[in-house]
Amino acid sequence: MTNSLVPPPGPRRVLALAQLANSVGDGAYYVTSALYFTHVVGLAPARVGLGLTVAWGVGSLVGVPLGRLADRRGPRGTAVLLAVATGLAVASFLVVRGFVPFVAAACAYAAAQSGLAAARQALLAGLVPAGERTGLLAYLQSTLNAGLAVGAGLGGLALHAGTRTAYLGVFGLDAVSFLLCAALLLRLPSPPAAGTVRRHGTGVLRDRPYVLVTLLNTVLLLRMPLLSLGVPLWITERTSAPAWLVSALFVLNTGAVMVFQVRTARGVTDLTSATRVIRRSGLVMFASCAVFALSSGTAPWVAAGVLVAGAVLQVVAEMQQSAGSWHLGLGLAPADRVGEYQGFFGTGVTVARTLGPLVLTALLVGWGTPGWVLLGLLMLGASYGTGPAARWAAGRTAPGDTGGGNAAHAGAGSTGAGSTGAGRPEAGTRESRVRDGAGRDPEGRSAVAGERPVRRPSEARPHAT
């Protein structure tokens, strides 16, 4: 990785451009969708909420099988098809008129989005050496925030116009953005597919260490609805700070991630550094919760200053937790099942966004200051529990894994995880686990826990969501 805020030329830059393309459309969609469904489609707000809850529930269920499809048929082709499917699902919103068609379209959208996220992660793992994946994901996160900001601005123009045509234009833009994303993904080399692999019926759910890591990560992901729901409710219900501060804190968060996420992720290269940065994120998040709690019962501008300080700590914790979880989510997945495992790991986002509002409303609005302390302790405990869980996952061979490794496939010429090398210890041995737990072999190459040598198919292309 270079020091630039833009990935170097090649597959990494193409992945970033694909991320930018659909994030602009998503940003416009996010700020206009609620009003479109209520004012243009004519649905009651409660029905919109119910429909979206059902849709994301479906999305969380299909992420694993769609990720498994990416493993078996190839991540690039699967990602392209799912990007097209997402665009078509968004386009279908242009013609829905009624609750049942809305739910059907929303389910198709959520399912395609969940599968696309898993397939893109598998594609990234197949193109980029293990030691460089976290850094690239940091670039992609910065790109995502930039695209969302631009898209939100375009959506704001549609809201200002307030016409049906303006809303339809936003949804058309989002649909086209996913088709552009698909076209960009087609330009990437195609990593080899895993083919048919023997699996138990429950798949990733049999891998108890990985399930535990995912569960703890889901707790840490409560930070996502914290900024969008918890803090706004706290500001308006429990402090005297001006309401416009909600928007200012959102801009602060977005800008900080755009500028500092790459730098924050730069030191995360192996299991040890990933769990260490997650522990730090728990400490910082606990401090953030404590600071937020202090904003109650103070003068308006004192409360505003305290809230800004809490938001700064919160975004630092967010960037640290993101960097660590990216490495663990990919690094602990078996080589031939990255899509399946990423489909499961990604359900944490859906669960946090679905249950988070209930948890945060009860803790922050209902309990006040004690609720902030409890939330901080919950985050702190999950962050410190992640280290032992990750080490447990790093020392096992995943159930049903005939390939025996926790690394992504590598193509010819790769020096990252999945590449072969003389003198490498067999997976599952103590030497392999110790070396992989440290993240590097004696030649300085990045490795992932439990990796076995992977035979390179002769048709594999050279590497680089």
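Quick note: the coordinates plus some simple rules give every number you see, no bench work behind them. For clarity, every value in this text was computed on a predicted model and none was experimentally measured. Counting neighbours? That spans all protein chains shown, and the Cβs are built from the backbone with ideal geometry, glycine included.
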Legend entry - Karplus 3J(HN,Hα) series, Hz, for segment 169-175 with 6.51 cos²θ - 1.76 cosθ + 1.60 (x for Gly, Pro): x, 5, 5, x, 4, 5, 4
Legend entry - Sum of side-chain charges, THR86 neighbourhood, beta-carbon under 14 Å (Lys, Arg +1; Asp, Glu -1): -1
Inset, instruction - Excluding GLY135 itself, calculate the net charge of residues whose Cβ lies under 14 Å from the Cβ of GLY135, where each Lys or Arg counts +1 and each Asp or Glu counts -1. - result: +3
Legend entry - Charge context of PHE37, other residues only, Cβ under 15 angstrom, K/R +1, D/E -1: +2
Inset, instruction - Given the peptides 262-273, 112-123, 58-69, arrange them by the average over their residues of other C-beta atoms within 10 Å, most packed first. - result: 112-123, 58-69, 262-273
Legend entry - For segment 219-242 and segment 22-95, distance of Cα centres in Å: 26
Legend entry - HN-Hα J in Hz across segment 71-84 - Karplus 6.51, -1.76, 1.60, θ = phi - 60°, x for Gly and Pro: 5, 7, 9, x, x, 5, x, 5, 4, 4, 4, 6, 5, 5
Legend entry - Share of alpha-carbon pairs per 5 Å distance bin for segment 277-319, given as whole %: 6, 29, 28, 17, 12, 6, 2, 0
